[in-house]
Amino acid sequence: MGKQMEPVLLVGDRPLTNSIASCLQQAGCVFTGVKRVPDEVKTAYGLAILITEEDLEIKKTKIAELEKVLDTNAIIAVNTETIGLDTLQKDAAFPRRLIGVNWTEPADTTFFLEIIANNVTDPELADQVCHIAVAFWQKDPYVIHGNMGIRMRLMAAMIREAFYLVENGYATVEDIDRACRNDAGYYLPFAGNLRYMDLMGTYAYGMVMKDLNPELSKGTHIPAFFQEMLLQKEWGMEGEKGFYTYSPGEDKKWQALLGKFSGEAKELMDKYPLKYNPEEVAEPVRNGFNFR
């Protein structure tokens, strides 16, 4: 467990694979990056990282292709946001070595890594990937013991409420972004929602949620305005139109800004890790007075 698993086969042609490749490279990992599963491999890979679109048949096909060329003990780590791990394991030749691993962009400058393992998965393999992620990939991973991750569920809940507020005229798209960026976006890298509630006092949140929860969206539909966006192929910066309008080439500038910001945010989060010791911090001072 003290040694890095080498080498790694990285499979995928999506933008995320490029930053995963940078992450592996920074870790000094020997890896091979390919767009498609090769017909044969000459290297005994211990781990295959598979990145595909969220399509069940594509994922199953790629997993089957990997199983044909990999050693039976090699781990297959596939990204899966909405497709259950058990569904992917159903037709796999060796389901015990299949795990879900979700990354976020940019993978080389963020701490995020979500590992999904169920009761079919060999627990030692999930632990092994978790160890490697901490020791070599500079990640702060968590393991979900089940079939689906939690990152996308949390994000989808926030997006659903944002859509509800826009659809019903309570707020504009710009209002939503300001509220998220200037409040939750400010404290989440420091503490996360639940520790922040501890810090502010859970009673106040409990009283607010008592009245607010019945008002929150319970919708299961995609709002009409968003469906229209998709129909009009307003798919984001690359197409120069999404929730906002962009000029030609502006997406590249935003990608560069994201990379710069992500690196700076990582440096800040390094100073205040999740298990930070508050005794290491001097008393905060505001306007000459100790602030409590």
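The values are calculated or read from the model by the stated rules, or taken from the named source; none is laboratory data. A quick note: this is a predicted structure, and the numbers were derived from the prediction, not measured. We place every Cβ from the backbone using ideal geometry, glycine too, and count neighbours over all the protein chains shown. To get the accessible areas, we keep the full protein, side chains included, count just its heavy atoms, and leave off ligands, DNA and RNA. Shrake-Rupley method; radii C 1.70, N 1.55, O 1.52, S 1.80 Å.
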### Query
Relative contact order (percent) for the stretch 1-77, with alpha-carbon contacts under 8 angstrom and 6 or more residues of separation?
36
### Task
Compute the accessible area per residue over the stretch 185-240, keeping the other protein chains in place, probe 1.4 Å, unit Å².
82
### FRET efficiency for residue 203 and residue 64, using Cβ-Cβ distance with R0 set to 45 Å, rounded to 0.05
0.25
### Message
List the chymotrypsin sites (Phe, Trp or Tyr not before Pro) within the stretch 96-191 that DSSP assigns to loop and that have no more than 13 neighbouring Cβ atoms inside 10 Å.
### Response
170
### Message
For the stretch 1-88, place one equal point scatterer on every Cα, skip the solvent, and apply the Debye formula. What is log10 of I(q)/I(0) at q = 0.11 Å⁻¹?
### Response
-0.29
### Message
If I ignore ligands, DNA and RNA and count only protein heavy atoms, how much of residue 198 is accessible to a 1.4 Å probe, in Å² to the nearest 10?
### Response
110
### Message
Strictly over 24 Å apart at the Cα level, which of 42/68; 42/62; 59/275 would you flag in this model?
### Response
59/275
#### Entry: Gain on full stretching of the segment that runs from residue 152 to residue 194 - 0.36 nm per residue minus C-alpha separation
13.4 nm
### Query
What is the Cα convex hull volume of the stretch 169-292 when expressed per residue in Å³?
188
### Estimated vicinal HN-Hα couplings, Hz - the stretch 230-247 in sequence order (Karplus 6.51, -1.76, 1.60; Gly, Pro = x)
5, 5, 7, 6, 8, 9, x, 4, 4, x, 6, 7, x, 6, 10, 9, 10, 8
## Note on the structure
The answer for trypsin sites (Lys or Arg not before Pro) in the stretch 138-195 that fall in a DSSP coil and have at most 14 neighbouring Cβ atoms within 10 Å is none
### Query
Taking H as built 1.01 Å from N, whose amide H comes closer than 5 Å to the amide H of residue 241, not counting residues under 5 places away?
235, 236, 246
## Note on the structure
Of the accessible area of the stretch 185-225, computed with a 1.4 Å probe and all protein chains kept, carbon and sulfur make up a percent value of 65
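Highest mean first, how do 255-262, 95-102 rank when packing is the count of other Cβ atoms within 10 Å averaged over residues?
Ranking, from highest mean packing down: 95-102, 255-262.
Assign one of three labels to the stretch 1-159, namely rounded, prolate or oblate, based on the Cα gyration tensor with a ≥ b ≥ c the square roots of its eigenvalues; rounded applies when a/c is under 1.5, prolate when it is not and a/b is larger than b/c, and oblate otherwise.
rounded
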### Query
Nearest 0.05, what FRET efficiency do residue 36 and residue 254 give at R0 = 30 Å with Cβ-Cβ as r?
0.55
### Cα gyration tensor shape of the stretch 154-193, rounded if a/c is under 1.5, else prolate or oblate by comparing a/b with b/c
oblate
## Note on the structure
In the stretch 33-127 the accessible area split gives carbon plus sulfur, as whole percent at 1.4 Å, a share of 47
### Message
For residue 158, what accessible surface area do you get with a 1.4 Å probe? Give it in Å², rounded to 10.
### Response
110
### Query
Angle, helix 56-69 long axis vs. longest principal axis of the chain, Cα atoms, 0 to 90°, nearest 10?
40
### Summary
Within the stretch 214-231, the residues whose backbone N lies under 16 Å from a label point placed 7 Å from the Cα of residue 161 along the Cα-to-Cβ direction are 214-220
### Query
Semi-axes, largest first, in whole Å: what does sqrt of 5 times each Cα gyration tensor eigenvalue give for the stretch 42-112?
20, 16, 10
### Summary
The base-10 log of I(q)/I(0) that the Debye equation returns for the chain at q = 0.07 Å⁻¹, one scatterer per C-alpha, is -0.33
### Message
Using all alpha carbons of the stretch 75-157, what is the percent of pairwise distances in each 5 Å bin, ordered from the shortest bin to the longest?
### Response
3, 16, 27, 25, 17, 9, 2
## Note on the structure
Sorted by chain and then number, the residues having a modelled amide H within less than 5 Å of the amide H of residue 32, at least 5 places away or on another chain, are 8, 9, 10
### Message
Quick check: with the 1.4 Å probe, what order do 176, 132 take by accessible area, largest first?
### Response
176, 132
### Candidate aspartates and glutamates - alpha carbon under 18 Å from residue 241, same-chain residues fewer than 8 apart omitted
174, 177, 228, 250, 251
### Query
When the Cα centres of the stretch 29-61 and the stretch 204-243 are compared, how far apart do they sit, in Å?
34
### Backbone HN-Hα couplings from phi across the stretch 13-21 [Karplus 6.51/-1.76/1.60, Hz, Gly and Pro as x]
10, 8, x, 4, 4, 5, 6, 5, 4
## Note on the structure
Result for the stretch 18-176: accessible area per residue, probe 1.4 angstrom, in square angstrom, of 49
